[in-house]
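This report refers to the structure that appears directly beneath it.
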Amino acid sequence: MLIAIPLAILLKDHHKIAEACLQVAGIIQTIPSLAILGLLIPIVGIGTVPAVIALVLYAIMPMFQNTYAGLTEIAPNLEEAATAFGLTKWKKLQRLELPLAMPMILSGIRISLVMIIGTATLAALIGGGGLGTFILTGIQSNNNTYVIIGAILSAILAFFFSWLLKFISTNTHRMRIGLVAILILICGFGGYKGYQAIRPAPTKVVIAGKMGSEPDILIHMYKDLIQQEDPRAEVTLKPNFGGTTFLFKALQSNQIDIYPEFTGTVNQQIIKTNQKTGSDPQKTYRLAKRELEQRYQMRYLKPMQYQNGYALVVSSQFAKEHHLTKMSQLASYNNEITAGFDPDFYQLHDGYPGLKGPYGYDFKNVKTMEPTIRYKAIANNRVNVVDGYTTDPQIPQYHLKMLKDDRHFFPPYQGAPLMKESFAKHNPKVVKALNKLSGKVTTEEMQQMNYDVTVKKESAAKVAHRYLVQHHLLHK
């Protein structure tokens, strides 16, 4: 409002400049919101700031257009009468133009308000939080309840603010009361922030996770262990935060403090050794730890026990028809295969590009899709091969067949907390707490926890807490 409405007032008598501004605002309006968020990340980072900038850009067009139209469509005879009575330009704006244009201005504000409340759900994709987190979590965990909660609450919020704006704009008295209420809220928020600034600063930790149930479980384990070690710690979780590259850049730019990363992913996607990772888990971890420390001044804590390695998965029917048990047998049916791969797997050296050499793959059709969607696709016979992980609960859920990696292509993938060396030095209690997970959690235990979240619809927080208590890592 502070940008669009004054700009429209300034340009109401400069039609060519106003039309140019309308064109620019219209072009911004047509750019997909995800593209704007992507363009803003390298400039201002991730989180709330790029989300707010994107929402401001989207809100300008309706308010500017309606304000400009309301001010320029006033009957000429009324303008002439105001001039004849000797009103100055400012008095004319105050007593004639703004009151007559007010219905159009308020209409523009309402349109912008409703539109950006819906668009704001996308902020969850870049760590901005909000109701979009429910929707994203529901999609990733195959839980429609979360999707419905996020969608309904967003709709209720939009309807409520639309009604509130209409209610307070019906007369001057209500508008004054509304403005006073807004000022009280602003002062209260400012006082709260001031109190936070002067009180003793607690340990603040921001933990993010990749898409899916498993990273969500891990970050909740991290949170419980850290708060047990340091009760004053304020831990903020950002689940379903994005892919490897996105999270690593967020860690580098101090947008987050910790995230769980896998040894094989570090070697192939972050430090990019450009050579096949060995099959020894300890050597793989040592290489990842050394390179992260030397190149990026990051500390990679000791990994957990379980292996969450890649695997190729086919439907039971496809496996039965072609007598498939090993990955090497797939190359014989390249012309029949439509594959659905996670975007990371489609690009990684340890993924599909690397498989082409030793296994001779050249599938007829390859589609990229998000992890949960690819399992639905193979269950509905939209694809017949997908990439998976050894701990994925969807494999038993959909009665799928995991093919044996008979040429030992896939490297070890063990998860461990990754953080900056400077953060680790300043927060020894956090490091001590997270080291309790070293060597813990078997592959079977992680698959069961994933099953509890994805299939049984239990919350990741509850599943993580239960495991820690049962294995005496956390007090009840």
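Tell me, which residue of the stretch 376-397 that is assigned to a loop (DSSP other than H, G, I, E, B) and touching a Phe, Trp or Tyr at 6+ places or on another chain (Cβ under 6 Å) is modelled with the lowest pLDDT? Working first, answer last.
Just the residues of the stretch 376-397 that are assigned to a loop (DSSP other than H, G, I, E, B), to begin with: 380-384, 390-393.
After this cut, where a residue has to be touching a Phe, Trp or Tyr at 6+ places or on another chain (Cβ under 6 Å) as well, the list is 384, 393.
Numbers: Asn384: 91, Pro393: 86.
The qualifying residue modelled with the lowest pLDDT is Pro393.
Of all residues in the stretch 407-431, those satisfying the criterion of being outside any strand (DSSP E or B) and modelled with pLDDT of 90 or more are Gln414, Glu421, Ser422, Phe423, Ala424, Lys425, His426, Asn427, Pro428, Lys429, Val430, Val431. Within the stretch 454-470, at least one residue is touching a residue at least 60 places away in the same chain (Cβ under 8 Å), in a helix (DSSP H, G or I) and farther than 22 Å from Val235 by Cβ.
Checking each residue in the stretch 378-408 for being among the hydrophobic types (A, V, I, L, M, F, W, C) and buried (at least 18 other Cβ atoms within 10 Å of the Cβ) picks out Ile378, Val383, Val385, Val386, Ile395, Leu400, Met402, Leu403. When Gln294 is tested against the conditions (1) more than 25 Å from Phe134 (Cβ to Cβ); (2) under 27 Å from the mean Cα position of the chain (by Cα), the lone failure is (2). Is it true that some residue in the stretch 259-274 is out of contact with any Phe, Trp or Tyr (no Cβ under 9 Å at 6 or more places or on another chain), farther than 19 Å from Gly351 by Cα and surrounded by fewer than 21 Cβ atoms within 10 Å (Cβ to Cβ)? Checked against the condition, which is being out of contact with any Phe, Trp or Tyr (no Cβ under 9 Å at 6 or more places or on another chain), farther than 19 Å from Gly351 by Cα and surrounded by fewer than 21 Cβ atoms within 10 Å (Cβ to Cβ), the stretch 259-274 yields no hits at all.
If I ask for residues that are more than 26 Å from the chain's Cα centre (by Cα), under 21 Å from Asp392 (Cα atoms) and surrounded by 19 or more Cβ atoms within 10 Å (Cβ to Cβ), which ones from the stretch 333-373 would you list?
The first filter runs over the stretch 333-373 and keeps only residues more than 26 Å from the chain's Cα centre (by Cα), leaving 333-338, 353-365.
Filter once more, keeping what is under 21 Å from Asp392 (Cα atoms): 338, 355.
Result: Leu355, single match.
Condition check ((1) farther than 21 Å from Ile28 by Cβ; (2) basic (Lys, Arg)) across all residues:
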{"site": "Thr48", "(1), (2)": "no, no"}
{"site": "Leu57", "(1), (2)": "no, no"}
{"site": "Thr67", "(1), (2)": "no, no"}
{"site": "Ala81", "(1), (2)": "yes, no"}
{"site": "Leu87", "(1), (2)": "yes, no"}
{"site": "Lys92", "(1), (2)": "yes, yes"}
{"site": "Leu96", "(1), (2)": "yes, no"}
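Report whether or not Ala181 is outside any loop (DSSP other than H, G, I, E, B), more than 26 Å from Gly439 (Cβ to Cβ), in the same structural domain as Arg299 (by TED's automatic domain parsing) and small (Gly, Ala, Ser).
Numbers: outside any loop (DSSP other than H, G, I, E, B): yes; more than 26 Å from Gly439 (Cβ to Cβ): yes; in the same structural domain as Arg299 (by TED's automatic domain parsing): no; small (Gly, Ala, Ser): yes.
In short, no.
Looking for something at pLDDT 90 or above, closer than 30 Å to Glu97 by Cβ, outside the structural domain of Gln255 (by TED's automatic domain parsing) and under 22 Å from the mean Cα position of the chain (by Cα) - is there at least one such residue anywhere in the stretch 19-27? The answer is no, given that none of the residues of the stretch 19-27 is at pLDDT 90 or above, closer than 30 Å to Glu97 by Cβ, outside the structural domain of Gln255 (by TED's automatic domain parsing) and under 22 Å from the mean Cα position of the chain (by Cα). Cβ-Cβ contacts under 7 Å between residues 6 or more apart (or on different chains), taken from a first residue in the stretch 158-178 that is closer than 12 Å to Leu106 by Cβ to a second residue that is among the hydroxyl-bearing types (Ser, Thr, Tyr), are listed as Met175/Ser169.
Mind checking which residues of the stretch 432-447 are exposed (fewer than 15 other Cβ atoms within 10 Å of the Cβ), touching a Phe, Trp or Tyr at 6+ places or on another chain (Cβ under 9 Å) and at pLDDT 90 or above? Scanning the stretch 432-447 gives a single hit, Thr442. Taking first residues from the stretch 391-407 that are without any contact (Cβ under 8 Å) to a residue 60 or more places away in the chain and partners that are surrounded by 18 or more Cβ atoms within 10 Å (Cβ to Cβ) and among the acidic types (Asp, Glu), no Cβ contact under 6 Å between residues at least 6 apart in sequence or on separate chains turns up.
The values are calculated or read from the model by the stated rules, or taken from the named source; none is laboratory data. In this text the structure is predicted, and so the values were computed from the model without any measurement. Glycine also receives a Cβ, built like all others from the backbone with ideal geometry; neighbour counts cover every protein chain displayed.
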